[in-house]
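Every number here is computed from the coordinates shown, using simple stated rules; none is lab data. On a predicted model such as this, the values are computed, not experimentally measured, just so you know. Cβ placement follows ideal geometry from the backbone for every residue including glycine, while neighbour counts extend to all protein chains displayed.
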């Protein structure tokens, strides 16, 4: 009982707030007077009663009975046509607003009852999730069902309107019918899940808008103009039906907003009209802005007007927000592929300009997004062991260009490039590759034409060739005479230093300390000069001047001295071998071939041959090959003297048939050279002796110091079935192969590695390098049983493939000593110093301000190594019993 009472009270409370409306069924037209019982009043109705009953209430009750009987919906949904009595009854109620409202509510109750029983079962698909592909079909089916139901419910009202024409009740009738229509809309919106309806409408609208763009796309026409001509049309979509059936309004407006945003985030910006402009390298954002304003916004504006049933006009702020959304979408797409655009610089300038167009709108927030995206893409796609240092440096150069375009102040580059700068500092070969890139050659096509790709970054080489020699150190942002001065950006870091004239080389040189760069560049420059360079040394001189404009000039003294040595060497060679630098005189036939048929002036023709012949020689040759006509020269058609035979041409005869060069080296300023000595081929030994005598006659008190390891020779080997030619190979390789053709070679026994070392007095590492080199060229082969090496006269011999042997490192074949070789050569001196330091100063750590590494650098100028080398030395000393390790400390024994 208590439970029933509690439930009853709850229903009473709910009913007191939301009272339930009770509607009676239509009353009969008359109540029979059976006459059996006396009635205290008049019967409600009956036969033979007067038509006009006294009192407004009675008349209203009769009108209510009549109109409700007409409007009542049968189970089959059939209604009868309105008669005169029906229209008169409605007219009576329309004059009473309270009754009119009650009648509207009564009819809506009829509609609701009928709709729940017969209409909503046909819309059962809305009770489960709607697939994206089925959105449009469900919308069309729902419109058909609701349209049939609405026609059924509106038909009686339309018939009544026809009967009321000509009377003064049209405004009241319209208000009454509007109440019914509004109630119908509310009923439909409450019968279908609102969120599902909104999402389904959004999907259907998005599909239609996407397909409309595809149909109306005109990429060929758009590519030739600065505006996009692709139209967006809602033709074919039932916008009016949605509004009329109650599916429009705020729900449809929100659905259209979702569909529009989805369109702007995908198909609208993925069209060919708005792809990256690779040809003109311009931004497509202005075209996108015009398209939103001219085509997209007007179409959406008209669609909203139809869905809501009232005129709607976008304000300037609305269009600006829509445009900003579209631009943000295309910038997000570009930012997602930012790493690819950096790699493709400068062809991807258009994509970067698209991103830049949004930076001014979003400011610091967009910069943070770009930095985060670039950092993530760099970590995933570049900063791993599979990427070479050359590739990382190339992308870093492109990144400097790209991000300076995005933000000229350099703040964006400073933040986004931090991971790649840290990674480059951690690679051992970064400094050497950068230094080698400074002196590499680039051909006219911009491609590296000199050294292997994993040793030179051609992008850095091009930057060196195009960089300015202007001093960049005195042009900081604190120039008081700069009228265009601007404060530091608010989003700059605490260590940000802006330089207006900073170029790519400034960022490259800023990766490491100046001393590291200068030392490495000096080594590379020395190797480059020893290998032979342009006698004018224009490129090398420009490089030194470039460094002097960016570094302390006093630290480049060694490089300047090396250049001076090379110039002095050229001058000395010109005195000793004047014929070597004499330009060959052009023949008359060459001069005649240079004269065009339409004539040329004598000054222009002499400019072409001034470096090859003197003016008297030129004038004498012109008389043979040309005719004067006014101010022009024309080629003669007569027969010219035959060209001199090669035997009569002057030849530059080298010493003893060997081309020799002289290099003056100031040993204090040059890196340490290889001092390996060995037996050179006899012909070369004779040439060096004659060269020394010739040099003594022209150089006073100075004498030549021959470095056998620096020599380069060319070899021609004639075997039984082939001829092998090798040019500019190290001299020790030539000495080894020359020994195989000498008198001490036995074709049945051959040589072993110790035999070669003994006869040539050559270091083992050079012998191993030479043997491996000629094995790879298939000039010699190794007997598997005895380990002897013999000449491979014919390639068809059945021999065992050579076993791998130790070879020199790539830099060991150069004329300069490698860092490892110099370190190992000076290791005993370093070990002695460490032992004395630990014995006198006590135990020390490897790192730290007072550590072993730092003490070595402060006391020994020749020690330019790091902690790894010091730990190697300590390990060697520990094996010899000189030091002992206690945790992180090292002490002398």
Separation in nanometres of the label points that stand 7 Å from Cα toward Cβ, at residue 128 and residue 666 = 9.3 nm
Label-point separation (nm) for residue 215 and residue 325, each offset 7 Å from Cα along Cα-to-Cβ?
-> 2.3 nm
What is the calculated FRET efficiency for residue 372 to residue 427, with r their C-beta to C-beta distance and R₀ = 35 Å, to the nearest 0.05?
-> 0.90
Express in nm, to one decimal, how much length is gained between residue 765 and residue 154 on full extension, taking 0.36 nm for each residue of separation and deducting their alpha carbon distance.
-> 209.4 nm
For a paramagnetic label modelled at 7 Å from the Cα of residue 254 toward its Cβ, which residues of segment 169-197 fall within the zone defined by backbone nitrogen distances under 18 Å?
-> 185-197
Everything considered on the Cα gyration tensor (a ≥ b ≥ c; rounded for a/c under 1.5, else prolate if a/b is larger than b/c, else oblate), segment 826-892 must be described as rounded
Indicate the gyration tensor shape class of segment 736-792 (rounded, prolate or oblate), computed on the Cα atoms with a ≥ b ≥ c the square roots of the eigenvalues: a/c under 1.5 is rounded; otherwise a/b larger than b/c is prolate and the rest oblate.
-> rounded
What is the Cα convex hull volume of segment 253-317 when expressed per residue in Å³?
-> 89 Å³
Order of 401, 208 - criterion: other Cβ atoms within 10 Å of each residue's Cβ, fewest first | 401, 208
If you count, for each residue, the other Cβ atoms within 10 Å and average over each peptide, how do 731-737, 373-379 line up from highest to lowest?
-> 731-737, 373-379
Between residue 137 and residue 843, 0.36 nm times their residue separation minus their Cα-Cα distance comes to what?
-> 245.6 nm
Expected unfolding gain across residue 704-residue 465 under the 0.36 nm per residue rule, minus the alpha-carbon gap, is 82.4 nm
Cβ-Cβ FRET estimate between residue 391 and residue 629, R0 fixed at 60 Å, reported to 0.05 | 0.50
For 790, 597, order by how many other beta-carbon atoms lie within 10 Å, fewest first = 597, 790
Ascending count of other beta-carbon atoms within 10 Å, so fewest first, for 562, 882 | 882, 562
Spin-label point model (7 Å from Cα, Cβ direction): what's the residue 311 to residue 594 distance in nm?
-> 8.3 nm
Whole-Å distance, taken between Cα centres, linking segment 298-365 and segment 679-736 | 71 Å
State the Cα centre-to-centre distance between segment 194-232 and segment 103-173 in whole Å.
-> 31 Å
